1. Test residue 118 against the stated conditions and say whether it is within 16 Å of the ligand (Cβ to nearest atom) and free of Cβ contacts under 8 Å to residues at least 60 places away in the same chain.
2. Counting only residues that are more than 11 Å from residue 17 (Cβ to Cβ), assigned to a helix (DSSP H, G or I) and touching a helix residue (DSSP H, G or I) at 6+ places or on another chain (Cβ under 9 Å), how many does segment 257-273 have?
3. Across segment 124-149, which residue is nearest to the ligand (Cβ to nearest atom) among those that are in contact with a helix residue (DSSP H, G or I) (Cβ under 7 Å, 6 or more places away or on another chain) and either touching a residue at least 60 places away in the same chain (Cβ under 8 Å) or assigned to a loop (DSSP other than H, G, I, E, B) (or both)?
4. Of all residues in segment 186-199, which are assigned to a loop (DSSP other than H, G, I, E, B) and either surrounded by 21 or more Cβ atoms within 10 Å (Cβ to Cβ) or more than 16 Å from the ligand (Cβ to nearest atom) (or both)?
5. Say whether the condition of being more than 16 Å from residue 30 (Cβ to Cβ), crowded, with 24+ Cβ neighbours inside 10 Å and out of contact with any helix residue (DSSP H, G or I) (no Cβ under 6 Å at 6 or more places or on another chain) is met by at least one residue in segment 112-120.
6. Which of (1) in contact (Cβ under 8 Å) with a residue 60 or more places away in the chain; (2) farther than 16 Å from residue 23 by Cβ; (3) assigned to a helix (DSSP H, G or I) does residue 286 not meet, given it meets every other one?
7. Out of 183, 159, I need the residue that is at pLDDT below 95, out of contact with any strand residue (DSSP E or B) (no Cβ under 7 Å at 6 or more places or on another chain) and within 16 Å of the ligand (Cβ to nearest atom). Which one?
8. Has segment 248-256 got any residue that is surrounded by fewer than 22 Cβ atoms within 10 Å (Cβ to Cβ), in contact (Cβ under 8 Å) with a residue 60 or more places away in the chain and either under 23 Å from the mean Cα position of the chain (by Cα) or not in a strand (DSSP E or B) (or both)?
Ligand SMILES: [Zn+2]
């Protein structure tokens with residue numbers, strides 16, 4: 001069998017993987033995921049939660065300024081099209097497999113792309129909301145993003161022509177392209193629509209964080225994949241796990257804010273490590 005991890009120093013990576021398996025074996029594992037699990041699906045690792053523009057927009061800017069809202073919707077619409085075209089990768093599938101085999105208790109994700117659900121995971125707490133839904137800030141009516149996207153393209157046919165939409169190097173949309181954009185409004189009351197995602201600077205809803213905490217509390221290990229833990233809610237979940245003295249395993253390319261607190265840190269891509277865990281942990285569980 002080939003080594004699932006091809007890092008610069010394969011021996012170290014294999015050792016880290018073995019230590020992670022030791023730490024997690026025989027335990028019920030809660031998982032926290034970030035943008036790094038979706039990069040293999042072609043979704044860039046944007047730092048802002050849910051905002052597919054390079055400079056994250058605050059909810060305040062979105063709600064108070066027509067130009068900002070227009071720019072947001074152009075970026076968000078194009079981002080949604082990219083998300084809708086993306087497919088779950090092997091990392092998403094490995095986590096769904098681990099849940100089916102009774103090892104993973106559920107996933108808390110910072111991603112808004114919905115790929116865990118599409119890969120077959122059942123218990124998913126979407127901390128930062130989801131791109132799939134849009135709601136009316138006035139009457140609360142919820143809309144399916146696909147229906148709304150069809151309306152956006154009907155009202156702004158130029159947006160479907162790639163030459164008309166100038167993208168920056170990181171997928172950000174240049175502001176000039178939003179001139180003349182017709183902002184979608186609620187078809188029930190005419191009110192302002194907002195994607196069901198947590199904007200930069202907004203707090204994760206209390207009930208949503210409580211759900212995430214509950215998952216960590218009822219598990220006896222925490223596995224973090226593809227998150228550099230710059231988001232406060234992620235750091236707080238690591239703290240909860242640490243206080244309960246359960247193992248914390250971090251899989252991420254590059255440093256994270258909580259590396260020193262991890263039982264094991266694997267510096268590698270999420271997909272290959274998660275697949276390796278999905279192949280190894282059930283065997284360990286069977287032999288115990
Ligand atoms: Zn409404």
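1. On the way: within 16 Å of the ligand (Cβ to nearest atom): no; free of Cβ contacts under 8 Å to residues at least 60 places away in the same chain: yes.
Spelling it out, it is not the case that residue 118 is within 16 Å of the ligand (Cβ to nearest atom) and free of Cβ contacts under 8 Å to residues at least 60 places away in the same chain.
2. 3
3. From segment 124-149, those in contact with a helix residue (DSSP H, G or I) (Cβ under 7 Å, 6 or more places away or on another chain) are 124-125, 127, 131-134, 145, 149; that's our starting set.
Restricting the remaining residues to those that are either touching a residue at least 60 places away in the same chain (Cβ under 8 Å) or assigned to a loop (DSSP other than H, G, I, E, B) (or both) gives 125, 127, 131-134, 145, 149.
Numbers: 125: 27, 127: 25, 131: 20, 132: 18, 133: 14, 134: 11, 145: 16, 149: 18 Å.
By that ranking, first place goes to 134.
4. Looking only at segment 186-199, we keep the residues that are assigned to a loop (DSSP other than H, G, I, E, B), and these are 186-191, 198-199.
Within segment 186-199, 198, 199 meet the criteria.
5. Looking for residues that are more than 16 Å from residue 30 (Cβ to Cβ), crowded, with 24+ Cβ neighbours inside 10 Å and out of contact with any helix residue (DSSP H, G or I) (no Cβ under 6 Å at 6 or more places or on another chain), one finds at least one in segment 112-120, hence yes.
6. (1)
7. On the way: 159 fails: within 16 Å of the ligand (Cβ to nearest atom).
Within the list 183, 159, the selection yields 183.
8. yes
The values are calculated or read from the model by the stated rules, or taken from the named source; none is laboratory data. Since the structure is predicted, the reported quantities are computational estimates derived from the model, not experimental observations. A quick note on method: Cβ atoms are made from the backbone with ideal geometry, for glycine too, and the neighbour counts reach across all protein chains shown.
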